[in-house]
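Working notes, structure below.
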Amino acid sequence: MLYLKNNIMVLLCIEKGDWLNLETLSNLSNIIIAFLTLILGFYVFVYQKNKDNKSDEETEINRRKNIKLQWFKEIIIQPKIDLVFKFYDQINKIKGKINGNDLNDDEKIEIINFIKKEQSELRKSFLDLVQHINNNLHSELSLNVDKLTDNLTDVISNDEFKLKNEATYNREIKSKIEYSYSEFLSKIFNYCG
Amino acid sequence: MNKASIDLENHRTKGSKVFTGRERGISVRKNTKIDVLVKENEQVEIIIPTDIMSINPSFLEEFLTNVVKSLGKEDFYKKVKFSSDSTRYDIALDLEEAVDRILRNENALSKK
């Protein structure tokens, strides 16, 4: 052992008297390394703890979100989705109410009133419930249905459209109903709570 | 009694027999200054052109939103009167729908 120590000292060109200093340096570096290890250990501990807390919060938020989504599905969607289908079925019935290319004003008013009545029923039976769960979803769905009602009202009241013509009907009415329908369902099924 | 009137004839789209859309409602609300008229007068009369076929709730909701919110349902019906010579279009149901929607939205927002 002493031989090894001497060899190292020769190799590093260190005088015998200086060995003490080397030992002090070694001790010092040991202390510094131990201190850094302690800091690193403490940092890892704090970091991990924060991460765990964050993860717990996220799990709790997701749990609440899932419960809310489940309730939304069970209380509103499952029992009430038929009302949405019924609304669009009813709106599609306006084709049968268009008896000719030149409807008089009373006939037009009757069709427009029919659309507005159906919209009002959908609002009272379905949209108002959604409003209690999520106001943004309610606004999006309401805007969609308003847009459909307004588009159909504009088209039906306009003398220029010959709605008995199949192509005109499909372009001005059917396509708008289909677009509104798919957008309505898409908004419901993409709702994530 | 102070009384003001708004003739919707002056605010309709040329050739159209209907009032539809939220944007149109906002635009007519601003142009008619209905919010100020209701504040400054005891009664406001809104005249519906004779040949009108429909005033949709989407339009009415935006047109009347501030007035209904500030007056409440009862006072609104007392203070704001709709008149028309038309025998074929009755605004009652559309108005009721719009007022109901405005008050529901207000309640939903206040719960937040």
Taking the stretch B:71-95 and the residues there that are closer than 22 Å to A:GLN131 by Cα and more than 9 Å from chain A (Cβ to nearest Cβ), the one that is surrounded by the most Cβ atoms within 10 Å (Cβ to Cβ) would be B:LEU95
Note down all Cβ pairs under 6 Å where the first residue falls in the stretch A:94-107 and is within 14 Å of chain B (Cβ to nearest Cβ) and over 13 Å from A:SER157 (Cβ atoms), the second is surrounded by fewer than 10 Cβ atoms within 10 Å (Cβ to Cβ) and of a type in the set (D, E, K, R), and they're at least six residues apart or on different chains. none
Mind checking whether some residue in the stretch A:159-168 is within 14 Å of chain B (Cβ to nearest Cβ), surrounded by 14 or more Cβ atoms within 10 Å (Cβ to Cβ) and either out of contact with any helix residue (DSSP H, G or I) (no Cβ under 9 Å at 6 or more places or on another chain) or modelled with pLDDT under 95 (or both)? yes
For the structure I just gave you, tell me whether B:LYS39 is away from chain A (no Cβ under 14 Å), surrounded by fewer than 15 Cβ atoms within 10 Å (Cβ to Cβ) and within 10 Å of the chain's Cα centre (by Cα). no
Within the set of pairs 6 or more residues apart or between chains, which connect a residue that is closer than 16 Å to B:SER16 by Cα and more than 9 Å from chain B (Cβ to nearest Cβ) inside the stretch A:138-155 to a residue that is part of a helix (DSSP H, G or I) and at pLDDT 95 or above with Cβ atoms less than 6 Å apart? A:LEU152/A:ILE115; A:VAL155/A:GLU172
All but one of (1) in contact with a strand residue (DSSP E or B) (Cβ under 8 Å, 6 or more places away or on another chain); (2) not in a helix (DSSP H, G or I) hold for A:ASP154, so report the exception by its number. (2)
With respect to B:VAL99, is the statement that it is under 11 Å from the mean Cα position of the chain (by Cα) and away from every other protein chain (no Cβ under 14 Å) true? no
If you check B:LEU71 against the conditions, is it free of Cβ contacts under 8 Å to residues at least 40 places away in the same chain, touching a strand residue (DSSP E or B) at 6+ places or on another chain (Cβ under 9 Å) and under 16 Å from B:ILE26 (Cα atoms)? no
For the stretch B:18-27, enumerate the residues that are within 27 Å of B:ASN2 (Cα to Cα) and surrounded by fewer than 20 Cβ atoms within 10 Å (Cβ to Cβ). B:ILE26, B:SER27
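The values are calculated or read from the model by the stated rules, or taken from the named source; none is laboratory data. In this text the structure is predicted, and so the values were computed from the model without any measurement. Neighbour counts are summed over all protein chains in view; Cβ atoms, including those assigned to glycine, are modelled from backbone coordinates with ideal geometry.
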